[in-house]
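The values are calculated or read from the model by the stated rules, or taken from the named source; none is laboratory data. This one's a predicted model, so the numbers in the text were calculated from it and none came from an experiment. Don't worry about glycine lacking a Cβ; one is built from the backbone with ideal geometry, like all the others, and counts go over all protein chains shown. The area values use the complete protein model at the heavy-atom level, side chains included, leaving out ligands, DNA and RNA. Shrake-Rupley method; radii C 1.70, N 1.55, O 1.52, S 1.80 Å.
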Amino acid sequence: MQLNKSLPFITKLVNDLVEEEVIVETGFAPSTGGRRPLMYSLKPETLYIVAVSMDQFITRIALMDTNNEVVGDVARIVLTLSNNDDALMTLYGELDKFVQNLKVDKKKIIGVGIGMPGFIDIKQGINHSFLQTPSTYGKESITQFISEKLDIPVFIDNDSSVIALAELRFGAGINRKNVMVINVSWGVGLGMILSGNLYRGANGFAGEFSHIPLFTNNKLCSCGKSGCLETETSLSVLIEKFKEALAQGRVSKLSAVPDGNIEEASALIVKCAIEGDRLAVELLSEIGYKIGRGVAILIHLLNPELIILSGRGTQAGQIWQAPIQQALNEHCIPKLSQNTLIKVSKLGFDASLIGAAALVMENYDHIYSS
């Protein structure tokens, strides 16, 4: 971070943090005219964050330092969120076990950041879509319940917003003002960076890209409606279509898709596509084209300078770009789309963990002042 210590409060806060050896001076920032601001960074060996990445089936937990480096092993837990009354208690139990087994002094953990699917109220610490109502356990919010149990500050946000935060702070969104971050996973989420800041909307529910009604396919979506973008574009759909193609006699390097493990199934199909398997490439391209139709709407509405493909699905890499660009060529007004870049995230599947850690750092001043 860079600071121009022009306010007494900022000066005192920075001096206190330096004195406590929480941050260190790293030199001056490049000149933009006038006095050059001092640069500071957190000492990675001093503070740690527990970063949690959740989707509807798998939860990953990692200890990270303030340089976004994972310390030790990443815990992977099978945790289904839908129709699971025990999800919150299971999550707390796994977090407690993870923290208890750490070789790091618990006092050095400044917070737990959790990215999870669903309609998230970050101010109240509530997920309106998943996890049993915390009031069942005598608490008003997920964050209050877990924080008091662990005795560590806890922050939650939507998984796609967390991924967008990672891209904004550490990925392709650095120094960009207007960026759309597409989270390709079991749904197709959206994190929006507008005027250089993460945009969450009036109630925190902005970015429900998956549920734009683009198709008349009579397929029921997880939201209860039909024809949503998600019904034709998620990795779950990729697995379904791959199985159907094999049943119809299509040939592939992958002769069968494993049942009961969608994570393994999607990874195998993507691996085949990277290796040039015709069927896998074809299906990914079809999905990419349909995502591109949704992206065309975003460009018409918001005129972003950059579209970033991030999250689990970026394991397919550059395979996505050509079909998305083709959709933009067909469905976008050229004047609007010609200056919009499309990039595949270099953070990839780690974006959700990095973003969860960044979520804690975004609230660091609140932690410190309390």
Sites A245 and Q326, calculated FRET efficiency, Cβ-Cβ separation with R0 22 Å, nearest 0.05: 0.55
Taking the stretch 215-336 and dividing mean pair separation by its residue count, relative contact order in percent (alpha carbons under 8 Å, at least six apart): 23
Long-range amide H partners of F130 with built H, under 5 Å: F119
Mean accessible surface per residue for the chain, computed with a 1.4 Å probe while every protein chain stays in place, in Å²: 48
Difference of contour (0.36 nm per residue) and Cα-Cα distance, S195 to M89: 34.3 nm
Residue-averaged 222 nm ellipticity for the chain, from DSSP H runs of 4+ at -39500 (n - 2.57), nearest 500: -11000 deg cm²/dmol
Distant alpha-carbon pairs in the stretch 74-169 (separation over 15 angstrom), percent: 63
Solvent exposure ordering (accessible area, 1.4 Å, most first) of Y137, Y92: Y137, Y92
Alpha-carbon centroid distance for the pair the stretch 136-209 / the stretch 224-291, whole angstrom: 27
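Give me the extension gain from K271 to E148: residue separation times 0.36 nm, minus the current Cα-Cα distance, reported in nm with one decimal. All intermediate terms of the calculation are to be shown ahead of the outcome.
Details: separation 123, 0.36 × 123 = 44.28 nm, distance 4.24 nm.
Here the answer is 40.0 nm.
When the dipole is taken about the Cα centre of the chain, and only Lys, Arg (+1) and Asp, Glu (-1) are charged at their Cβ, what size is it in debye, to the nearest 20?
Computed about the Cα centre, the dipole is about 900 debye.
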Cα-based shape type of the stretch 226-370, given that a ≥ b ≥ c are square roots of the gyration tensor eigenvalues and the cut on a/c is 1.5: oblate
Compactness of the stretch 159-199 as Cα Rg over 2.2 N^0.38 Å, two decimals: 1.03
Cα lying deepest toward the dipole's positive end in the chain, options I262, L306, V99, charges on Cβ: L306
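Need the full-extension length gain, V18 to E305, defined as separation in residues times 0.36 nm minus the C-alpha distance. One decimal, nm.
Details: separation 287, 0.36 × 287 = 103.32 nm, distance 3.77 nm.
That works out to 99.5 nm of additional length.
How big is the Rg/Rh ratio for the stretch 154-264, C-alpha atoms only, Rh by Kirkwood, two decimals? It would help to have the intermediate numbers written out before the result.
Numbers: Rg = 17.0 Å, Rh = 15.9 Å.
Over the Cα atoms of the stretch 154-264, Rg/Rh equals 1.07.
Placing unit charges on C-beta atoms (Lys and Arg positive, Asp and Glu negative, everything else neutral), compute the dipole magnitude of the stretch 46-137 about its Cα centre in debye, rounded to 20. Let's see the in-between values first.
Values: 8 positive and 10 negative charges, 51 e Å.
Taking the Cα centre of the stretch 46-137 as origin, the dipole is about 240 debye.
Which trypsin sites (Lys or Arg not before Pro) in the stretch 151-188 pass both tests, a DSSP loop state and at most 16 other beta-carbon atoms within 10 Å?
On the way: sites: R169, R176, K177; in loops: R176, K177.
Filter output for the stretch 151-188: K177.
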Value of relative contact order over the chain, rounded to a whole percent, pairs C-alpha under 8 Å and six or more apart: 15
Over the stretch 277-332, relative contact order from alpha-carbon pairs under 8 Å, at least 6 apart, %: 61
For the stretch 239-248, 3J(HN,Hα) per residue [Karplus equation, 6.51 cos²θ - 1.76 cosθ + 1.60, θ = phi - 60°, Hz, x = Gly/Pro]: 4, 4, 5, 5, 4, 4, 5, 5, 5, 8
Among D159, D96, D350, residue whose mean-square fluctuation peaks in a GNM of the chain (springs only between Cα atoms under 10 Å): D96
From the coordinates shown, Cα Rg over 2.2 N^0.38 Å corresponds to which of (i) 1.12; (ii) 1.04; (iii) 0.94: (ii)
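Set the bar at 29 Å for Cα to Cα. Now go through K149/K271; K97/K243; K271/K343; K106/K139 and name every pair that lies beyond it. Write down the numbers at each step before the final one.
Working: K149/K271 41 Å; K97/K243 38 Å; K271/K343 20 Å; K106/K139 23 Å.
Over 29 Å Cα-Cα: K149/K271; K97/K243.
Using a 1.4 Å probe over the heavy atoms of the protein chains, calculate the carbon and sulfur portion of the accessible area of the chain as a whole percent.
Details: 8840 of 17820 Å².
Answer for the chain is 50 percent, counting heavy atoms of protein chains only.
Is the C-alpha gyration tensor of the stretch 85-233 telling us rounded, prolate or oblate? Criteria: a/c under 1.5 is rounded; beyond that, a/b larger than b/c is prolate, otherwise oblate. Mind showing how you got there, number by number?
Working: a/c = 2.21, a/b = 1.39, b/c = 1.58.
Because a/c hits 1.5 or more and a/b fails to exceed b/c, the stretch 85-233 counts as oblate.
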Most mobile of Q56, Q321, Q248 in a GNM of the chain (Cα contacts under 10 Å): Q248
